[in-house]
1. Which whole-number percentage describes the relative contact order of the chain, with Cα contacts under 8 Å and a sequence gap of 6 or more?
2. Can you spot the lysines whose alpha carbon is less than 30 Å from LYS582's alpha carbon? Ignore those fewer than 8 places along the same chain.
3. If you take the C-alpha gyration tensor of segment 373-441, multiply each eigenvalue by 5 and take the square root, what semi-axes do you get, largest first, in whole Å?
4. Can you list the equivalent-ellipsoid semi-axes of segment 147-239, largest first and in whole Å, using the square root of 5 times each Cα gyration tensor eigenvalue?
5. Give me, ordered by chain and number, the residues 5 or more places off HIS404 or on other chains with an amide H under 5 Å from its own placed amide H.
6. Under a cut-off of 13 Å between alpha-carbon atoms, report the aspartates and glutamates in cross-link reach of LYS116, not counting same-chain residues fewer than 8 places apart.
7. In what order do ASP546, ASP298 fall by count of nearby beta-carbon atoms within 10 Å, going from fewest to most?
8. Residue separation times 0.36 nm, minus the C-alpha to C-alpha distance between ARG215 and GLN500: what's the value?
Amino acid sequence: MREGQESILREVAEVAGRGGALLVNAPTGSGKTVATLAPLLEHAVRADHKILYLVRTHSQEVQVLNEARAIAHRLESPILSIGLQGRARRCFLLENVAEVKGATAEEHGKLCADRKRATERAMQGEVPISPPPELPEGGEIDLTDLDGCPYYARVLQTDLDGLVERFSAKLPLPHEFEKFCRDENLCAYELSKKLVPSARLITAPYAFFFHPYIRRSLLGWMGIGPERVDLVIDEAHNLPSHLRDLTTVALPQESVRRARAEVAERGDFQLPDGPSATRFFDIVGAAVEELIVALARDDDAVLPATVFEDALLTAIGGTSHRLDTWLGSLATWGENLREERRRERHLPRSWVHTVALTLLSWPQLEGEGYVKVATRLPRPALEAYALDASVAARPILDCHLSVHLSGTLAPLEEYRDSLGLGAAARLLGVPSHFPPENRRFLYDPSVTTRFEELRADPRAIGRLADRLVEVLQCLPVKTAVFFPSFDLLQKVLEAGLQSQLPGNVFIEYSKVPMGDLWRSIEGWKKDPEGTVLIGVAGGRLSEGIDYPDEELEAVVLVGIPYPRPTAKREALRSYLDAKTGKGWEYTVEAPAQRAILQACGRMIRSENDRGIAIILDRRAPNFAKQLPGLEPIGDLAATTRAFYGRRARWSRTASRAPGAAPSPGPTAGENP
Ligand code: SF4
C-alpha cells in the first residue's frame, strides 16, 4: 500500500455505499487507479452495478485495463472488462474509404447501420457476403462498392458465450482485442458492443457518456439505467473545457461556403417568396465575414446582442418569421439530400442541412449560459460559446456515484462548482509521496514572458533565446522545454535557439496528427542522441505522455503558461465571478497552475525518478505553494553537477540504471 492509497480506498468504498460524487486530487504514481477500481469492483459485484470508466487518451485506457487484469488474476470468479472505442478506430470495413474520413459519429453510424441491415437480409436469404474489395495499390476503396459487411456477419455467427469466457479468463488490452478481431475477421466495434452486457467494467472515451446520442446507445447496450452505473472520470481536470466545447455551437465561414457550393452543384432553387438559395448563402457568408473583419481584431471578439440576426434581416429585407420559413425549407432540402446520398450509398452529409439547423438554433442560444463571439482562430467563425459546463455534466448526477480523478484537479472547489456537483461532493487531496529530494524547482528572476514586456522591448525574445541556451547547456540530461504558446515557441526558435541545439531535437508542431506525433516521440524517447524536446505547456507533449526514468530528467518552462486573454475567456471570467466570486482564480490562475504541474510532472512518474524543473519567469513565486522548495536559479552549473553527477552533456556512455544513485561530481570540461 502506498501512502495516500488507503485514504482513496476508504473514500471510494464510502461513496460506493451511499452514492454521490468524490473528487480525488492525487499525484501520478500514487496508485489511484487501482485504489479506485478495487473497492468499486467489490461494490459493483455486490450491488449488480457496472463501472463505466471514462478516459481521455488511449494510454489511460491501457493503464486502467492493465490494473483490472492484475486484480482479475486474484479473484475466484472471473470478471469481464472491455474497452470501447469509436467506429473511426474500429471499423475495418470503412477504414480505407476516403469519403468516410472525418465523418461524424452519427454519419458513420448511419453508414454502418445500412451495411448491417444488408448483411442481415443477405444472411436471411442465405446469400454469401462478399469480402471487401482488395485495397488498390496507393488507392482507396469506393464506398458505393461496399454493400454488406463480412466483419459484422462474422460477429453474428460467432460463439459469444465462448468469447465471454475467453476474455474473462484473460482480459485483452485494446490492441490485443483489435488484433484478435482482425485475425478472426470480426468487427471490433460490434463485438465490443456485444460483450458490454456481460462486462462489469467498461472503459470508454468521454464522448460515449457525454454525447447524448451516444450515451443513449451505451446505456442500451449496458442494459441498465444510470442509477446502476458507477462512473469514474480519469484525468478529470479536462472535463469542464471538454463539456463547454461539446455544447458550443459554431457557424464556420467554411461551412457556409460549402453549403452554397452544395446548392450550386445540385441546382439552385427559389426560397418561398424570397431569394434563391445560393443568394441566401451569399448573404449569410457576407454577414459572417463582415462581423469577423469588423470586430475580431485579435483571436476573437464578443458580438453585441442580436447583431448577426439584425445584419441578416437587413440584408435580406425580411422578417424573422420569413427567415425561419426559409431556414425550414433549406433544412428539409438538406435532409432530403442526406437521405438521397444514403440511398446512393454515399456519406449522408449535407452542409445546407448543418448550416440551416445552426441558424435556426442561433436565437435560442442566449442567456447567461452563452456568449456569442466572432473568432479568427482556430478558424473564422461565429460561435455561441457555452460558459456553463454544468448543463452537459448533468447526466453525472443521474449515476449512482461518480469518482473524479486527476493529479491536477486542484482547486477542487473550482472543478466541483464548474460541473455543478453540489456542496455534498467529497473533496480528497492526497499529497505527493515521492522523496522531496528527487525533485528541485528553480526559477530565473531575470526574464519573463509577460506580454507587455515582450511587446515593449524588441530585443526581449532574443534575450530569452540566449538565456534558454545557457540553461540547456547546464542540463546534462534529456530535457523538455515547454512554451506558453506555439507563437512564442516559433519566435524563440527563429531568434537563434534552433541553430544552437545539439543532437536529436524534437519539436512539436501544432497540426501534426496524433498518431504521427506519438510514433515520433516514442522514437525520440528511445534515441540515445535525443537531447531536447520542445513543445507547448498544456499541449500534447506536456500532458498525457509519460517519460519514465532517463527518458526525461529536466523540464524548462519558458514563462508562465497563463491562458491567452481571449474574449471567450474574459466572458467566462465574468460569468464565474458572478457565480462564485472567483473568476480570475478559476479562469486564469487555475489553468496556469495545472499546466505548470502537468509539465513538471512529466519527469517524475515513480519513486525512483529524479529531475529539475526550471521556470524562466520572475512571476514563478506566485505558484510557490504548488512548487515545494522553489528557489532562484543561482549557479545552475554547480546545482546540476551536484544533482545529476558527472555525466557529460548528452553522453551515451553515462547512462545509469533506473533508480541507481548518480555518480559523483564532474570533471572539468564535461559540462559546458
Ligand atoms: S459492422 Fe463494423 S466493420 Fe462493418 S460497417 Fe459497421 S463498424 Fe464497420
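Just so you know, all these numbers are worked out from the coordinates, no wet-lab data involved. If you're wondering where the values come from, they're calculated on a predicted model, not measured in any experiment. Cβ sites come from the backbone with ideal geometry, for glycine too, and all protein chains shown count toward neighbours.
1. Rounded, it is 16 percent for the chain.
2. Once the sequence-local lysines are set aside, what remains near LYS582 is LYS32, LYS372, LYS568, LYS625.
3. In descending order, the three semi-axes are 31, 23, 9 Å.
4. 25, 15, 14
5. Those qualifying (amide H under 5 Å, at least 5 residues apart or on another chain) are LEU22, LEU23, VAL24, ILE233.
6. Answer for LYS116, where 13 Å is the Cα cut-off: ASP147, GLU190, listed by chain and number.
7. ASP298, ASP546
8. 97.5 nm
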